[in-house]
Amino acid sequence: MKSNFSHAVFTAIITFIVSFPLLGLNLVTGGTSMSIEGAGPTTWMYIGAAVAIVFFFQLFRDQFTGLFRHIPKPSFNTGYQSLEPAKKAKVENWFTFAIILIALVWPFMVSRGSIDLATLVLIYVMLGLGLNIVVGLAGLLDLGYVAFYAVGAYSYALLSLYYDISFWLALPIAGIMAALFGFLLGFPVLRLRGDYLAIVTLGFGEIIRIFLLNATSLTGGPNGIGGIDKPTLFGMEFGRRVKEEGNTLFHEVMGISYDSTYKVIFLYLLALILVVITVFVIRRLVRMPVGRAWEALREDEIACRSLGMNRTVIKLSAFTIGAAFAGFAGCFFAARQGFISPESFTFIESAIILAIVVLGGMGSQMGVILAAIAMTVLPELAREFQEYRMLMFGLMMVLMMVWRPQGLLPSKRPHLELADDK
Amino acid sequence: MTNKTLLNVSDLRMQFGGLVAVNGVNLRVEEGQIVSIIGPNGAGKTTVFNCLSGFYTPTSGVVEFMGEEIQKLPDFKISLKGMVRTFQHVRLFNEMTVVENLLVAQHRHSNTNLLSGLFNTPAYKKSEERAMHRARYWLDKVGLTDVANREAGNLSYGQQRRLEIARCMVTEPKLLLLDEPAAGLNPKETKDLDNLIVSLKEDYHVSVLLIEHDMNLVMGISDNIYVINQGTPLASGTPEEIKGNPDVIKAYLGEV
Amino acid sequence: MLEAFLYFIQQILNGLTIGSTYALIAIGYTMVYGIIGMINFAHGEVYMIGTYVSFVVIAGLTMLGIEYVPIIILAALTIAIIVSSSFGWAIERTAYRPLRGANRLIPLISAIGMSIFLQNFVVNAQGARDVAIPPMISGGWTFGTENFQASLSYMQLIIFIATFICMSALTLFISKSRMGRACRAVAEDIKMANLLGINTNRVISATFVIGASLAAVAGLLLGLYYGVANPHIGFIAGLKAFTAAVLGGIGSIPGAMLGGIILGLTESLTAAYISSEWKDAVSFSLLVLILLFKPTGLLGKQEVEKV
């Protein structure tokens with residue numbers, strides 16, 4: 001008890017030192033000099049509360065830990081888990097089908113803003129799923145994932161700007177370009193150990209951003225590229241007037257009056273299709289030899305080598321395929337925004353995508369989808385918390401690692417039937 | 001004798017900085033033989049394994065496998081040639097299921113073409129069925145069918161050891177390197193292991209190179225034994241010869 | 001000709017100045033990595049916090065009417081060190097210690113989260129915009145011709161001296177003190193040190209505190225040198241300092257010093273002779289190249305893979 005007390009006093013003092021100078025005293029720049037002013041009484045209350053909480057928690061920590069031991073770790077155990085594997089697959093298929101159906105019908109019933117937000121969510125889902133291949137399945141921490149997103153976006157923007165190439169042709173090109181970058185960057189760096197790899201990918205991400213920022217003649221530098229063509233549907237444009245020679249207008253062909261919502265819905269559905277394809281392709285990949293090899297590599301690299309698996313090839317495949325999905329997402333992003341600049345591709349963006357993967361549960365597709373929704377929609381719903389958004393992201397990443405590193409919805413191992421052979 | 005030499009190691013030397021871990025080791029494994037390496041702890045046995053399997057590149061010396069020099073090859077290529085190893089501390093893919101462990105190991109035989117996998121072509125299906133069949137066969141053989149869908153990390157120690165051997169066997173090796181497979185096993189499990197190793201040799205024509213401390217096991221199944229002490233060869237011969245060798249007794253029991 | 005030479009000398013002086021501060025921050029990365037083998041991604045933020053705290057102290061004392069510069073700086077230094085090292089201690093305690101022994105990517109992700117958290121903590125507490133202080137120490141020596149004057153400012157000299165004192169003190173501490181010996185033992189083999197009765201938790205905490213203190217020194221020095229700060233300076237500075245640590249050989253204290261100096265020189269020469277826009281790209285490329293071709297750095301030890 002005595003040592004607990006002195007420890008509690010110590011931690012309370014530390015809490016005060018950590019919070020007081022930065023929270024309690026605010027720098028005010030005025031003219032040539034700088035002064036400080038004390039914060040308002042609310043801030044003081046918060047500081048006092050924090051100090052008190054830390055003090056009492058540390059004082060009674062034995063009791064607290066005893067208390068916490070009795071609270072079971074949260075588990076999402078429903079009757080579903082005890083189902084027969086074959087039945088489970090059926091339930092899952094129906095479930096997926098239902099979700100897709102709802103997602104298809106939904107935009108026709110809600111506001112334009114909601115659809116726009118949903119489209120953003122879908123972009124993050126795609127990025128999360130792509131990064132999940134690299135981080136969650138293959139266990140390679142890539143902190144520069146946003147670079148491939150940027151490559152995809154700039155591929156379309158530049159192709160559209162200089163060669164007038166349409167979205168549909170640019171989409172595969174953007175994917176291939178990003179994959180190519182992934183391959184070229186991956187080839188030298190994948191020999192590195194996990195944490196070095198993370199830093200090198202971060203460095204690469206920054207190098208690409210600095211390049212985009214400074215290659216002004218090609219990319220427009222900090223001003224970015226604007227006026228990127230929107231996608232068309234079989235040559236039908238969604239604008240009020242035809243922009244491209246030879247195209248028709250959606251509302252004219254359909255014989256309805258012009259409404260800008262059509263464009264928003266169209267973009268949403270397009271994103272949805274891309275996400276559905278992504279989900280199915282990745283689901284297939286995981287069950288294929290290459291997907292199994294990714295996971296095996298995450299589990300034990302040395303064992304993989306001893307079994308004759310070429311780790312460079314396997315890592316490279318994960319890196320390249322993951323990058324390709326970021327390329328698709330980037331291409332779509334450029335088309336949706338109509339304008340891109342290096343601002344959209346900073347390290348924070350990489351960190352957000354990583355946070356989605358971490359929150360969802362590494363390797364788990366459903367988890368990543370739910371996390372992408374949560375991370376994008378929650379800050380929108382609670383506007384007053386908007387300014388604390390990044391603070392919360394950071395805190396969440398730490399707490400998740402400490403409390404539940406496998407994520408909220410960790411991936412389940414597939415149950416394989418041992419086929420009877422006769 | 002119609003036996004062919006499978007593995008021939010001459011004058012192997014491995015040096016880390018100033019430390020000579022292995023020096024002047026010679027080994028020979030004929031087809032269909034079980035050969036053991038014994039020696040006190042820290043004698044450099046595992047280092048020899050690491051050199052043979054390509055995890056270390058030996059400082060000097062020649063490792064010939066099926067008449068081909070392999071000492072410069074990377075680990076995974078050596079494994080692909082048919083020399084596969086286990087580890088002193090079991091290395092399984094812990095979060096994957098038992099079957100998945102066996103499927104992963106067949107990577108080399110699998111159809112890894114992405115497109116045929118994505119479109120589920122007949123050739124791909126066939127390759128997957130074959131892999132599943134082989135996995136099933138070996139699960140049965142090592143008695144793990146009941147736990148096939150359990151995560152490998154949750155198996156008992158003895159089961160993990162057997163899974164590691166099965167995982168090597170699905171790669172269809174010619175020579176199996178086992179690093180202390182009986183460590184931590186109870187007498188019953190050791191007996192099963194004994195039978196399994198003999199069966200690998202007799203029924204599957206796999207040669208085995210074994211590092212082991214369990215002398216009953218070693219003396220019972222080995223065709224030939226090499227003794228290493230402090231990184232250098234001490235003696236070699238049949239189990240009978242080794243048992244009577246005064247140098248070996250001295251190395252094990254200390255100066256008497 | 002002479003002008004060109006003077007210009008070159010000026011770049012060397014600027015490079016050494018920046019390099020010294022990188023070295024101070026790099027110590028934090030290198031010591032933590034040497035002891036628990038993790039990249040303390042949030043270390044750059046500790047440096048940034050050091051700068052902010054110094055600014056708060058300087059502004060506060062100026063408001064109180066204290067004008068004697070040495071007193072202000074000494075007070076700023078002391079308080080910045082106390083606050084930053086408290087942050088260092090608290091970060092280790094909350095975000096890293098519970099994860100000890102986990103897969104090495106997990107503490108790294110936690111560290112990234114911590115870095116984002118701290119950055120936004122300062123954004124929310126002090127605003128995202130630049131804060132500036134008026135120059136405290138001005139003047140210096142100039143030399144050269146009419147066309148070009150090279151200068152060594154007093155501030156630069158102070159940075160060199162302060163870095164030299166810190167590095168000497170650290171070296172002495174590591175080689176002579178009891179805690180320093182324990183640090184070396186833990187870096188060599190943490191399990192063994194634990195068995196021998198060394199309180200490894202204390203040693204690890206001490207490492208974070210020492211690293212954070214040196215980062216606070218760097219925070220004050222660079223704050224005075226540039227006169228401006230914002231909550232995002234920690235990210236880039238951290239990355240640069242990490243590059244310095246890797247360049248010199250991570251885990252090696254003289255290596256961090258050497259790496260910092262080399263990186264500082266590279267940057268200032270790139271900015272002078274190529275383009276200042278590309279200087280960050282050049283340092284990151286340097287990082288990538290070292291990790292690819294000499295991951296042990298210039299003075300690091302070779303690691304043998306354990307099979």
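The values are calculated or read from the model by the stated rules, or taken from the named source; none is laboratory data. These figures come from a predicted structure and were not determined experimentally. Using ideal geometry, Cβ is built from the backbone for each residue, glycine included, and neighbour counts are taken over all protein chains shown.
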Open item on the list: I need the full set of residues from segment C:108-138 which are more than 7 Å from chain A (Cβ to nearest Cβ), surrounded by fewer than 21 Cβ atoms within 10 Å (Cβ to Cβ) and under 24 Å from A:Gly24 (Cα atoms), in order please.
Closed with: C:Val123, C:Gly127, C:Ala128, C:Arg129, C:Asp130
- [ ] For B:Val142, work out the one condition from (1) more than 9 Å from chain A (Cβ to nearest Cβ); (2) in contact with a strand residue (DSSP E or B) (Cβ under 9 Å, 6 or more places away or on another chain); (3) over 25 Å from B:Asn50 (Cα atoms) it doesn't fulfil.
- [x] (2)
- [ ] Take segment B:243-254 and flag every residue that is closer than 28 Å to B:Phe16 by Cβ and either of a type outside the set (Gly, Ala, Ser) or part of a loop (DSSP other than H, G, I, E, B) (or both).
- [x] B:Asp247, B:Val248, B:Lys250, B:Tyr252, B:Gly254
- [ ] Kindly establish whether C:Ala216 is buried (at least 18 other Cβ atoms within 10 Å of the Cβ), at pLDDT 90 or above and over 13 Å from the mean Cα position of the chain (by Cα).
- [x] no
Task: Options C:Ile12, C:Ile81: the member that is at pLDDT 90 or above, out of contact with any helix residue (DSSP H, G or I) (no Cβ under 6 Å at 6 or more places or on another chain) and not hydroxyl-bearing (Ser, Thr, Tyr) - done: C:Ile12
- [ ] Kindly indicate the residue of segment C:34-56 that is closer than 19 Å to C:Cys166 by Cβ and within 9 Å of chain A (Cβ to nearest Cβ) and also surrounded by the fewest Cβ atoms within 10 Å (Cβ to Cβ) among those meeting that condition.
- [x] C:Val53
Open item on the list: Can you confirm whether A:Tyr196 is of a type in the set (Ser, Thr, Tyr) and more than 11 Å from every other protein chain (Cβ to nearest Cβ)?
Closed with: no
Open item on the list: Whether any residue in segment A:191-202 is in the same structural domain as A:Ile302 (by TED's automatic domain parsing), of a type in the set (Ser, Thr, Tyr), crowded, with 24+ Cβ neighbours inside 10 Å and at pLDDT 90 or above is what I want to check.
Closed with: no
TODO: Would you please name the residue that is surrounded by the most Cβ atoms within 10 Å (Cβ to Cβ), looking only at residues in segment C:86-107 that are touching a residue at least 60 places away in the same chain (Cβ under 8 Å) and more than 9 Å from chain A (Cβ to nearest Cβ)?
DONE: C:Gly88
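For segment C:125-170, how many residues are within 30 Å of C:Met1 (Cβ to Cβ) and either in contact (Cβ under 8 Å) with a residue 12 or more places away in the chain or part of a strand (DSSP E or B) (or both)?
Matching residues across segment C:125-170 total 20.
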Open item on the list: Checking A:Pro405 against (1) in a loop (DSSP other than H, G, I, E, B); (2) touching a Pro at 6+ places or on another chain (Cβ under 9 Å), only one condition comes out false. Which one?
Closed with: (2)
Open item on the list: Please go through (1) assigned to a helix (DSSP H, G or I); (2) surrounded by 20 or more Cβ atoms within 10 Å (Cβ to Cβ) for B:Tyr137 and return the number of the only condition it doesn't satisfy.
Closed with: (2)
Open item on the list: Step by step: first the residues of segment B:54-89, then only those that are crowded, with 23+ Cβ neighbours inside 10 Å and over 17 Å from A:Met309 (Cβ atoms), then the one that is nearest to the other protein chains (Cβ to nearest Cβ). Which residue is that?
Closed with: B:Pro58
Open item on the list: Restricting to segment A:254-291, name every residue that is surrounded by 19 or more Cβ atoms within 10 Å (Cβ to Cβ) and assigned to a loop (DSSP other than H, G, I, E, B).
Closed with: A:Met288
Task: Residues being within 14 Å of chain C (Cβ to nearest Cβ) and charged (D, E, K, R) - total across segment A:106-163 - done: 1
Task: Residues (buried (at least 19 other Cβ atoms within 10 Å of the Cβ) and either among the hydroxyl-bearing types (Ser, Thr, Tyr) or under 21 Å from A:Val151 (Cα atoms) (or both)) located in segment A:358-391 - done: A:Ser364, A:Thr376
Open item on the list: Against the condition among the hydroxyl-bearing types (Ser, Thr, Tyr), touching a helix residue (DSSP H, G or I) at 6+ places or on another chain (Cβ under 6 Å) and either within 13 Å of A:Phe319 (Cβ to Cβ) or part of a helix (DSSP H, G or I) (or both), how does A:Tyr196 come out, does it pass?
Closed with: yes
- [ ] Output the residues belonging to segment A:137-190 that are free of Cβ contacts under 8 Å to residues at least 24 places away in the same chain, over 18 Å from A:Phe345 (Cβ atoms) and crowded, with 21+ Cβ neighbours inside 10 Å.
- [x] A:Val189
Open item on the list: Criterion first (part of a loop (DSSP other than H, G, I, E, B), in contact with a Ser or Thr (Cβ under 6 Å, 6 or more places away or on another chain) and surrounded by fewer than 20 Cβ atoms within 10 Å (Cβ to Cβ)) does B:Asn149 satisfy it?
Closed with: yes
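Residue by residue, here is whether (1) assigned to a helix (DSSP H, G or I); (2) on the phi < 0 side of the Ramachandran plot; (3) under 17 Å from the mean Cα position of the chain (by Cα); (4) hydroxyl-bearing (Ser, Thr, Tyr) holds:
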position: B:Pro181; (1), (2), (3), (4): no, yes, yes, no
position: B:Lys191; (1), (2), (3), (4): yes, yes, no, no
position: B:Asp194; (1), (2), (3), (4): yes, yes, yes, no
position: B:Leu209; (1), (2), (3), (4): no, yes, yes, no
position: B:Asn216; (1), (2), (3), (4): yes, yes, no, no
position: B:Ile228; (1), (2), (3), (4): no, yes, no, no
position: B:Leu234; (1), (2), (3), (4): no, yes, no, no
position: B:Glu241; (1), (2), (3), (4): yes, yes, no, no
TODO: Report, ordered by the first and then the second residue, all pairs with beta carbons closer than 9 Å, sequence separation of six or more or different chains, a first member in segment B:199-213 that is basic (Lys, Arg), and a second member that is part of a strand (DSSP E or B).
DONE: B:Lys201/B:Ile34; B:Lys201/B:Ser207; B:Lys201/B:Val208
- [ ] Determine the pairs where a residue that is facing chain A (nearest Cβ under 9 Å) and surrounded by fewer than 18 Cβ atoms within 10 Å (Cβ to Cβ), located within segment B:100-124, has a partner that is assigned to a loop (DSSP other than H, G, I, E, B) and not charged (D, E, K, R) with Cβ atoms under 7 Å apart, the partner being 6 or more residues away or on another chain.
- [x] B:Arg108/A:Gly308; B:Arg108/B:Thr171
TODO: Residue by residue through segment A:1-35, note down the ones that are within 9 Å of chain C (Cβ to nearest Cβ), farther than 18 Å from C:Phe121 by Cα and modelled with pLDDT of 80 or more.
DONE: A:Thr11, A:Ile13
- [ ] Determine which member of the set A:Met375, A:Met397 is assigned to a helix (DSSP H, G or I), among the aliphatic types (A, V, I, L, M) and within 8 Å of another protein chain (Cβ to nearest Cβ).
- [x] A:Met397
- [ ] Go through the residues of segment A:340-355 one by one and say whether even a single one is within 12 Å of chain C (Cβ to nearest Cβ), more than 30 Å from B:Asn94 (Cβ to Cβ) and part of a loop (DSSP other than H, G, I, E, B).
- [x] yes
- [ ] Return the residue satisfying two criteria in turn: it lies in segment C:60-81 and is in a helix (DSSP H, G or I) and surrounded by fewer than 16 Cβ atoms within 10 Å (Cβ to Cβ), and of such residues it is farthest from the other protein chains (Cβ to nearest Cβ).
- [x] C:Pro70
